[in-house]
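A short worksheet on the structure shown next.
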Ligand code: NAD
């Protein structure tokens, strides 16, 4: 018997193809009529489509969402929110745009309708990371959790392959770490394994079977897997892998999803001796016997980055990265030691297949 506690996070999820057209209805369902539409500068086309679907419900638009949710950008967006007298936010974009929607929601109490275009999973978590003068802080609150998520597979079909692969590995990392979280529970276990299965199937289809990077079946699997992975991230605590990626992104400015992709097989290999049952379950979901190596091979076969070196980390930064990642204790199946983490990072830096 397993003892567990489970806290659910309730959001309305609309999933399908062409669901963008439901955005107006979803805003009205929340009882609102003046939406501030958010997107990033390079996704203005998506902004145009959502604006058209919102019709008269679009009170204003802010296309300035950028990485790391800087507070100065949030202030600019907040000024627009107030100027147009908005009563909710609608965001279309990746984790960065969702971050801006959350930053506005936590300051105004506004409801959020999110249309995700990547596999980051932020849209179903009550967590917000923001940067102020280059310093990143993270907070969690029920106000931050978006009320409605509209997953439209069409919005993800044009995601460039490089970003598709790394973003899918970002999602897979949430699911993998949920399976050995100290607060894991049977519901999240089920979501996590289904997520791993769908993400791997989607990636394999894109890299092996289909000649179409926009393949709707593969894209549906990836988006569905990303939703489940985000739900895992929202429900249980993450371990070594997320700590390493947070350190590498926050202190060495490495890019978010590529860092997740490179580190994941190595974090899994490090934890494998301490979580053999979990690794067997993940291997089962991947139709293989060795989970860390299968994840590395999937990354290679998908054409993803495999080394921290290619992401811009210098070899002489490895020791400092290991020090930072081991400075404060956090739950992880295998004890985290400076030597152990330095070895892990050295392998990830060189891009070798986990032993
Ligand atoms: P992103 O939102 O920064 O997007 C990366 C790039 O891809 C941007 O240039 C964007 O415009 C472009 N893009 C997005 N969707 C596209 C599409 N469909 N087609 C073409 N281009 C597209 O990247 P991300 O990985 O989605 O999000 C990363 C951010 O999200 C990080 O800041 C991370 O900390 C945060 N995050 C937060 C949580 C949470 O729970 N709080 C979870 C995961 C990620």
Problem - Relative packing of peptides 250-260, 315-325 - highest average C-beta neighbours within 10 Å first - result: 250-260, 315-325
Completion exercise
Hull surface over four for the Cα convex hull of region 94-201, reported in nm², is 7.9
Completion exercise
Most fluctuating of 50, 73, 127 in the GNM of the chain (C-alpha, under 10 Å) is 73
Handout entry: region 95-149: Rg to Rh, with Rh as the Kirkwood radius over Cα pairs
Key = 0.94
Handout entry: Using alpha-carbon coordinates, inclination of helix 95-108 to the longest axis of the chain, degrees
Key = 60
Practice task
Kindly give the semi-axes, whole Å and largest first, of the ellipsoid equivalent to region 201-321, taking each as the square root of 5 times a Cα gyration tensor eigenvalue.
Solution key: 24, 19, 15
Handout entry: Stokes-Einstein D in µm²/s, Kirkwood radius over Cα pairs - the chain at 4 °C with 1.567 mPa s viscosity
Key = 63
Fill in the blank from the handout: Rounded to the angstrom and largest first, Cα extents along the principal axes for region 1-81 equal 52, 31, 24
Practice task
Could I get the Rg over Rh figure for region 58-104? Both from C-alpha atoms, Rh via Kirkwood, rounded to two places.
Solution key: 0.92
Problem - Relative contact order (%) - the chain, alpha-carbon pairs under 8 angstrom, separation at least six - result: 15
Exercise for the section: Arrange the peptides 339-345, 128-134 so that the one whose residues have, on average, the most other Cβ atoms within 10 Å appears first. Expected result: 339-345, 128-134
Practice task
Please label the shape of region 263-347 as rounded, prolate or oblate, based on the square roots a ≥ b ≥ c of the eigenvalues of the alpha-carbon gyration tensor (a/c under 1.5 means rounded; beyond that, a/b larger than b/c means prolate, else oblate).
Solution key: oblate
Practice task
Before anything else, pin down the relative contact order of region 12-156: Cα pairs under 8 Å, at least 6 apart, normalised by residue count, whole percent.
Solution key: 29
Practice task
Provide 208, 26, 281 in ascending order of the number of other Cβ atoms located within 10 Å of each residue's Cβ, fewest first.
Solution key: 208, 281, 26
Fill in the blank from the handout: Comparing 91, 234, 294 in a Gaussian network model of the chain (Cα, 10 Å), the one with the largest mean-square fluctuation is 294
Completion exercise
Fraction of alpha-carbon pairs in region 1-138 farther than 21 Å apart, rounded to whole percent, equals 38
Practice task
Quick one: among 265, 292, 182, which has the greatest mean-square fluctuation in a GNM of the chain with alpha-carbon springs under 10 angstrom?
Solution key: 182
Exercise for the section: Assuming a ≥ b ≥ c are the square roots of the Cα gyration tensor eigenvalues, decide whether region 130-270 counts as rounded (a/c under 1.5), prolate (otherwise, with a/b larger than b/c) or oblate. Expected result: rounded
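With the contact rule set at Cα under 8 Å and sequence spacing of 6 or more, what percent relative contact order holds for region 211-310? Numbers along the way, then the final one.
Working: 57 pairs, mean separation 21.3, N = 100.
Once normalised by length, the contact order is 21 percent.
Each value in this text was obtained by applying a stated rule to the coordinates, not by laboratory testing. Please read all numbers here as calculations on a predicted model, not as lab measurements. Positions of Cβ are generated from backbone atoms using ideal geometry, with glycine treated the same way; all protein chains shown enter the neighbour counts.
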